[in-house]
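Trainee: This is the structure I want to talk about, given as structure tokens.
The values are calculated or read from the model by the stated rules, or taken from the named source; none is laboratory data. This is a predicted model, so every value here is computed, not measured. Here Cβ is always computed from backbone atoms with ideal geometry, including for glycine, and neighbour counts include all displayed protein chains.
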Amino acid sequence: MRYKKYFWPAVATATIALSGWLLYKELRGLSFDELAGSLEAISDANWVLCALSTLVAYLALAGYDRIALMYLNRKVNWLFITVCSFTTYALSHNVGASVLSGGVVRYRAYSSKGLGPSEIGMLIAFCSFTFALGVLILAGLVLIIEPDITERFGDVLTLGASAATGYGLLALVGIYVLGSFLKLRTLTFGSLQVTYPSPRVVLSQAMIGPLELLGAAGIIYFALPEVGNPGFVVVLGIFLLSFSAALISHVPGGLGVFELVFIVGLPDMDPADVIAALLVFRLFYLIIPFIMALVVIGLFEHSQFRRRRSENGQSKR
């Protein structure tokens with residue numbers, strides 16, 4: 001049992017090593033000058049579109065928490081939700097182990113608003129499910145529109161999917177939505193009761209989940225040049241696979257895994273252009289939010305310390 005705590009770190013380390021080796025094979029002819037040239041080729045308008053796509057993605061992530069609180073029938077200030085969600089995801093996207101790293105931030109934040117541990121645990125699970133729902137919806141649509149997209153990954157990733165798979169994924173989503181209108185009964189697991197979400201909650205999930213992923217994929221799409229660009233749907237499909245693979249790998253920031261899937265999935269594009277677009281993605285979606293999140297965490301902890309000190313001072317009077 002004592003070896004369990006080393007399992008995921010070992011998996012992450014092995015994944016980084018393997019991805020790094022495969023990525024080196026793909027990029028060994030790439031020079032710094034080529035990469036710099038690809039970054040300089042991104043127009044000012046596209047830099048603005050990348051920034052706007054980031055804004056859409058993080059506003060949608062705030063919607064994850066808002067929908068979860070709606071499900072729990074808890075009211076929290078919208079600004080607080082937005083800041084908490086932004087901080088949570090900015091940290092977890094970079095650090096990895098999103099449930100743990102994001103859970104710590106959410107627990108510190110929402111416990112100050114009166115939510116108990118079980119409610120916060122349910123909120124985290126509900127947000128994760130909203131993300132998974134968004135992936136299912138968009139993956140289904142991508143496979144229907146571009147059923148041959150999995151052929152792009154050749155021998156590196158063995159994937160088998162078709163338009164029928166896409167319809168199957170959307171059917172699963174449809175069953176989940178239908179369940180909300182049928183008002184299925186509450187499930188009980190020991191002391192835990194899980195109520196089926198209302199149509200309002202489910203339909204909100206079905207809109208917000210895909211919106212966040214569309215915004216995140218948009219950063220990469222707008223940073224890519226037109227030459228060899230397969231279009232937004234294909235870029236979105238590759239993003240869904242690469243982002244999911246990065247999360248499953250537990251590698252901080254999906255380092256190496258994310259890049260490898262994109263390089264393999266866009267064989268007709270100059271690798272320098274692809275890497276440049278991914279650097280833009282990491283800058284807007286990961287690095288800048290991470291720096292801002294650290295500032296927010298510091299300010300929050302400082303305010304909590306001052307509040308506790310003030311309460312202790314009053315209790316001694």
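Trainee: Identify all residues within region 115-151 that are assigned to a loop (DSSP other than H, G, I, E, B) and within 27 Å of T82 (Cβ to Cβ); write none if there are none. Lay out the reasoning, then the answer.
Mentor: Here is the first cut: in region 115-151, the ones assigned to a loop (DSSP other than H, G, I, E, B) are 115-116, 146-148.
L115, G116 - these are the residues of region 115-151 that are assigned to a loop (DSSP other than H, G, I, E, B) and within 27 Å of T82 (Cβ to Cβ).
Trainee: While we're on this one: Would you confirm whether or not region 207-221 contains a residue that is modelled with pLDDT of 85 or more, farther than 28 Å from A125 by Cβ and either aliphatic (A, V, I, L, M) or touching an Asp or Glu at 6+ places or on another chain (Cβ under 7 Å) (or both)? Steps first, please.
Mentor: Our first condition is that a residue be modelled with pLDDT of 85 or more; within region 207-221, this holds for 207-221.
Of the ones still in play, those that are also farther than 28 Å from A125 by Cβ are 220-221.
Among the residues that remain, those that are also either aliphatic (A, V, I, L, M) or touching an Asp or Glu at 6+ places or on another chain (Cβ under 7 Å) (or both) are: 220.
Yes, there is a match, as at least one residue in region 207-221 is modelled with pLDDT of 85 or more, farther than 28 Å from A125 by Cβ and either aliphatic (A, V, I, L, M) or touching an Asp or Glu at 6+ places or on another chain (Cβ under 7 Å) (or both).
Trainee: Would a scan of region 60-82 turn up a residue that is at pLDDT 80 or above and over 21 Å from K113 (Cα atoms)?
Mentor: So far as region 60-82 goes, yes, one or more of its residues are at pLDDT 80 or above and over 21 Å from K113 (Cα atoms).
Trainee: Taking region 70-79 on its own, how many of its residues are closer than 19 Å to T130 by Cβ, of a type in the set (A, V, I, L, M, F, W, C) and without any contact (Cβ under 8 Å) to a residue 40 or more places away in the chain?
Mentor: So the count comes out to 2.
Trainee: Go through region 282-297 and report how many residues are closer than 25 Å to I81 by Cβ, hydrophobic (A, V, I, L, M, F, W, C) and under 16 Å from the mean Cα position of the chain (by Cα).
Mentor: We begin by selecting, within region 282-297, every residue closer than 25 Å to I81 by Cβ; these are 284-297.
Retained after the next criterion (residues that are hydrophobic (A, V, I, L, M, F, W, C)): 284, 286-288, 290-297.
Checking which are under 16 Å from the mean Cα position of the chain (by Cα) leaves us with 284, 286-288, 290, 293.
Residues meeting the conditions: 6.
Trainee: Against the condition at pLDDT 85 or above, more than 15 Å from the chain's Cα centre (by Cα), crowded, with 18+ Cβ neighbours inside 10 Å and not charged (D, E, K, R), how does G134 come out, does it pass?
Mentor: Numbers: at pLDDT 85 or above: yes; more than 15 Å from the chain's Cα centre (by Cα): no; crowded, with 18+ Cβ neighbours inside 10 Å: yes; not charged (D, E, K, R): yes.
So G134 does not fit the description; no.
Trainee: Assess whether V234 counts as being more than 21 Å from A45 (Cα to Cα), buried (at least 19 other Cβ atoms within 10 Å of the Cβ) and of a type in the set (V, I, T).
Mentor: The answer is yes for V234.
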